[in-house]
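Okay, structure first, notes after.
The values are calculated or read from the model by the stated rules, or taken from the named source; none is laboratory data. All values derive from a computational prediction rather than experimental measurement. Cβ placement follows ideal geometry from the backbone for every residue including glycine, while neighbour counts extend to all protein chains displayed. Only protein heavy atoms, including side chains, enter the accessible area calculation; ligands, DNA and RNA are left aside. Shrake-Rupley method; radii C 1.70, N 1.55, O 1.52, S 1.80 Å.
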Amino acid sequence: MGTIVARSAAVAAAGLLLLVALIAPGAPARSDTVGQITEGLRSSRLYVTTEARGALDAAGQARVRRALEAADRADVRAVVTRAGVDQRTLIGMLRAVQSRLDRGGTYVAITADDRMLAISDRMSGTELNRLIAQTGGGIEERLVAFSRLAEDQAIESARSGAITTYVMLVLLVLVAAAVTGLMLVSRARGRRRLARQMAELKDSVQEDVTRLGEDIAALDLRVTDPGLDPAAREDYARALDSYDAAKAAVAAARRPEDMREVTSALEDGRYHMAAVRARLAGEPVPERRPPCFFNPQHGPSARDVVWAPPGGTPREVPACAADAEAVEGGADPDARLVPVGGTRRPYWDAGPLYAPYAGGYYRGFGGVDLLSGMLIGTTLGAVLTPGWGLGAHGDQLGGDAGDLGGGWDFGSGDFGGGFGGDF
C-alpha cells in the first residue's frame, strides 16, 4: 500500500513539472557580446550570432564565406543576428567591432528578418545604399550579392583612383614645367635687366673716376721738384693711390654693391687732392668733411645748407661752396646726373641701384645714418634705412560593449564614415 502511494506521488510530481515546463516561458539564452563577435571575425569574415543560427544553415554560411573571401579588395565583414534588432543598436555594434578589430573596410549586419545595413570607411552612405538596394533574396543571396557588388565597386574605385593619380601627376609635371619655365625666363630677364643696369652704373661711376684723374692731372705737380713741400708730395701720392684703387675696383665690379669700394676710394682721393691744393696755396689743410651732397665730384663740402627735394621736407645737407651759394640764392645746385633708362637724373632719384654708390662716398661720415636723413623723400631714401646693408662701417572604446540583445546604448549622432541600410 505504501509503495503504491509513493509511486502515485512521483507520477504527480513529474506531471506537475511537465506542466510547469509547458506553461512557463523558457529562460532566455545570453546573447553574444561585442568581444565574441570581434574574436569571431578575426578568423572569419562571417559571424553568425547564437540567436541567429537557424537563419543561415551550414551550407549557406560556407557559400557566404567564400564570397566574402573572394572580395579581397573590398574587405567586407558580415554579422548575422536575430530578428528585431533596431538600426541604432546595429550601428553601435558594428562601430564597436570595427574599432576593436582594426581591420576591414566595410562591415555589414543583416537580421534574421532580412533587414540589412552597413558602415564603411571606404564608401559613402549613398554608395552603400545603392549596393544594398541591388541585393535581393534571402540572407545568403543578399550577402553573396553584396560581396560581389562591393568588390566591383572597390575595383572601379581603384581604377578611377589610378586614373586620377595619373592625371594629377601629369598635371603636376606640366605645372612644374610651366613654373620652372617661367622662373627660368624670369631669371633670364632679370639677368639681362641687371646687366643693362650694371652697364649704366659702371659708365656712371667711370665718369667719376675719369673726372678725378683729370683733376689730379690738372694740378701739374712736379713731384721731383726739391722745393716741393714733402707733405704736399705725400698727399699727392695718396691721391694717386686712391685713383688707382678706384680704377681697379670699377674694373673688377660685378654687382652694384661693388661700387661702394670705388666711391670710397674716390672720396679719399678727392680729400687728399684738396689738401694738396691748400698746401700749394699756403692755406690750412681743410677739415675732412663729407663730400658735397649735390655732386660728390666737387670734393669735400664746405658747409651745411638747408635744402628740400621737390615736394619734400627741408633738411641740412653738406655742400661745396658753389652749391651752397646757389641753394641759398634760390638757384638749383649743380647736381650729379646719372644715366637711368636712357635719361639722366640726380643720383638720389636714380633708384636703389645707386645706394651702394652713395654709401661708399659717405662711408666714413656715418654712412646710412647720415644718408637716410639727407635723402628722406627721395627715391634713394626709400631704401636707405638702417640695416639696409651698406657695409660693416654702419652703412647698414575599452571593455565589453554588452550583449547583442541587451539594449546597447552606444550614444547617438554621427558615427563617422559612410552608413547605409534598408531599415
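Starting from the Cα gyration tensor of the stretch 269-347, multiply each eigenvalue by 5, take the square root, and state the resulting semi-axes largest first in whole Å. Walk me through the numbers on the way to the answer.
Working: eigenvalues 130, 52, 19 Å².
Over the Cα atoms of the stretch 269-347, the ellipsoid semi-axes are 25, 16, 10 Å.
Net charge around ILE110, counting only other residues with Cβ within less than 13 Å of its Cβ (Lys, Arg = +1; Asp, Glu = -1)? Don't skip to the end; give the middle numbers.
Numbers: positive: ARG77, ARG82, ARG115, ARG142; negative: ASP113, ASP114, GLU140, GLU141, ASP422.
For residues surrounding ILE110, the net value is -1.
Run the accessible area of the stretch 150-244 with a 1.4 Å probe and give the carbon-and-sulfur part as a rounded percent.
Values: 3850 of 6320 Å².
For the stretch 150-244, the apolar C and S fraction of the accessible surface comes to 61 percent.
Express the accessible area of the stretch 173-259 per residue in Å², computed with a 1.4 Å probe while the remaining protein chains stay in the model. Please list the in-between numbers first.
Numbers: 5520 Å² over 87 residues.
Value for the stretch 173-259: 64 Å² per residue.
Given all pairs of different Cα atoms, what value in angstroms does the Kirkwood hydrodynamic radius of the stretch 199-307 take? Intermediate results must be reported in sequence, preceding the final value.
Values: mean 1/r = 0.0687 Å⁻¹.
About 14.6 Å, per the Kirkwood formula over Cα pairs.
Count charges around VAL305 for me, please; just the other residues with Cβ under 15 Å from its Cβ, Lys/Arg as +1, Asp/Glu as -1. Walk me through the numbers on the way to the answer.
On the way: positive: ARG289, ARG303, ARG315; negative: ASP304, GLU316, ASP323, GLU325, GLU328, ASP332, ASP334.
Once all neighbours under 15 Å are counted, the net charge is -4.
Need the C-alpha centroid separation for the stretch 339-368 versus the stretch 203-257, integer Å.
First find each Cα centre; the distance between them is then 21 Å.
Before I look further, what does the stretch 67-110 give for accessible area per residue, probe 1.4 Å, in whole square angstrom? It would help to have the intermediate numbers written out before the result.
Numbers: 1400 Å² over 44 residues.
Value for the stretch 67-110: 32 Å² per residue.
Quick one: which residues, 5 or more positions from THR106 or on another chain, have an amide H under 5 Å from its amide H? H modelled 1.01 Å from N in the peptide plane, none for Pro or chain starts.
ARG77
Tally Lys and Arg at +1 and Asp and Glu at -1 over the other residues with C-beta under 12 Å from the C-beta of ASP323: what net charge comes out?
-3
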